[in-house]
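Asks: Can you read through this structure? Questions will come right after.
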Amino acid sequence: MSPAALELGAIACTFIAKDDPAQRYTAVSDVTLTVGAGEFVSVVGPTGCGKSTLLNVAAGLLAPSAGTVTVFGEPLVGINRRAGYMFQTESLMPWRSALRNVAAGLQFRGIVDAEAQAGEWLKRVGLGGFGDRYPHQLSGGMRKRVSLAQTLVLDPDIILMDEPFSALDVQTRQLMENEVLALWAEKKKAVLFITHDLDEAIALSDRVVVLSAGPASHPIGEFAVDLKRPRDVAEVRTTPRFIELHEAIWSVLREEVLKGYRQQLAA
């Protein structure tokens, strides 16, 4: 059996205050999570439960306090060069056009035809005629499409996505979700997707992992999503099986969301 694309084994992340080493905060503890090659896995949990922390560990941007990270069976050392990372926040360089933003990663790698490849990816995300536009000249949905092309042009084996569509309106968000599903079905890369939106997690994924409220957040549930593919994220939400899955996952997640909310009020 081939190794998992990504495996987090008993991961813990504890942060120590610079001005007072006695002050420690454990964001996640004893987190074991795998993403198979070609599998789409979403992680949901309350605000502040360490979802983005786990994504940073998977990317090699953060070394865990304990535990192991393996990528296709090999221990991860430093940056995960087999992964592409699509951030929640704006990641485009305002002084570069859409085309040159998408080409940037390839250019940094010394690829000769970087702009030609970038142009092809802009076409694939529906922005073939917008390569000369700068980020401030694009709508929020267009900027997200450029960010998606910027991530996928590097042809990563693993795609890490941190709530990439949370700032979009509902209609644009659904268009982007379907775009991701279409591109994923074509390439079948391993995806680790972070979201607060349970509907989004179910509509996109093969598996949904639920994290507890922090501190020391850890997995408390894992659900296989057996909805047929290909899927339309709007249409699939009305199916009986989707509703069953939503009820089952929410029954586990609900108390953790309330717990996280109470912690925020007490802070």
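The values are calculated or read from the model by the stated rules, or taken from the named source; none is laboratory data. Here the structure is a predicted model, which is why all the values come from computation and not from measurement. We place every Cβ from the backbone using ideal geometry, glycine too, and count neighbours over all the protein chains shown. Remember, those area values only see protein heavy atoms, side chains included, never the ligands or the DNA or RNA. Shrake-Rupley method; radii C 1.70, N 1.55, O 1.52, S 1.80 Å.
Asks: Mind checking the range 44-122 for trypsin sites (Lys or Arg not before Pro) that DSSP puts in a loop (not H, G, I, E or B) and that have at most 10 other Cβ atoms within 10 Å?
Replies: ARG109
Asks: Oh, and also: Rolling a 1.4 angstrom probe over the protein heavy atoms, how many square angstrom per residue are accessible across the range 127-267?
Replies: Using a 1.4 Å probe on heavy atoms only, each residue of the range 127-267 averages 46 Å².
Asks: Still on this structure: With the full set of protein chains in place, find how many percent of the accessible area of the chain is carbon and sulfur; take the probe as 1.4 Å.
Replies: Answer for the chain is 54 percent, counting heavy atoms of protein chains only.
Asks: Okay, moving on. Expressed as cubic angstrom per residue, what is the convex hull volume of the alpha carbon set of the range 93-209?
Replies: 105
Asks: What label, among [x] 19.4; [y] 18.4; [z] 21.2, belongs to Kirkwood radius over Cα pairs in Å computed from the structure on display?
Replies: Comparing each candidate, only [x] matches the computed number.
Asks: Per DSSP helix of 4 or more residues, -39500 (n - 2.57); summed, then divided by the residues of the chain. What does that give at 222 nm, rounded to the nearest 500?
Replies: Theoretical 222 nm ellipticity from helices: -12000 deg cm²/dmol.
Asks: May I pose another question? What accessible area per residue, rounded to a whole number of Å², is obtained for the range 3-78 using a probe radius of 1.4 Å?
Replies: Dividing the accessible area of the range 3-78 by its residue count gives 44 Å².
Asks: Sequence gap at least 6, Cα distance under 8 Å: using those rules, report the relative contact order of the range 139-267 to the nearest whole percent.
Replies: The normalised contact order for the range 139-267 reaches 21 percent.
Asks: How high is the relative contact order of the chain, in percent, counting Cα pairs under 8 Å that sit 6 or more residues apart?
Replies: That works out to 25 percent.
Asks: Can I ask one more? Among all stretches of the chain without exposed chymotrypsin sites (Phe, Trp or Tyr not before Pro) (DSSP loop, at most 16 other Cβ atoms within 10 Å), which one is longest?
Replies: That gives 96-267 as the longest site-free run.
Asks: So which trypsin sites (Lys or Arg not before Pro) in the range 151-248 are both in a DSSP loop and have at most 10 other Cβ atoms within 10 Å of their Cβ? Walk me through the numbers on the way to the answer.
Replies: Numbers: sites: ARG173, LYS187, LYS188, LYS189, ARG207, LYS228, ARG231, ARG237, ARG241; in loops: LYS188, LYS189, LYS228, ARG231, ARG237.
Counting only loop positions with at most 10 other Cβ atoms within 10 Å, the trypsin sites (Lys or Arg not before Pro) in the range 151-248 are LYS228.
Asks: Test of understanding: express the Cα radius of gyration of the range 145-254 as a ratio to 2.2 N^0.38 Å, with N the residue count.
Replies: 1.08
Asks: Which of the helices in the chain meet the span-like rule: DSSP H, Cα axial reach of 20 Å or more, Kyte-Doolittle mean at least 0.5?
Replies: Taking the DSSP H segments of the chain (at least 20 Å long, mean hydropathy at least 0.5), we get none.
Asks: Still on this structure: Pick from THR53, THR172, THR239: which is most flexible by mean-square fluctuation in a GNM of the chain where alpha carbon atoms under 10 Å apart are linked?
Replies: THR239
Asks: Further question on the same structure: Using protein chains only and a probe of 1.4 angstrom, how many square angstrom of GLU244 are accessible, to the nearest 10?
Replies: 100
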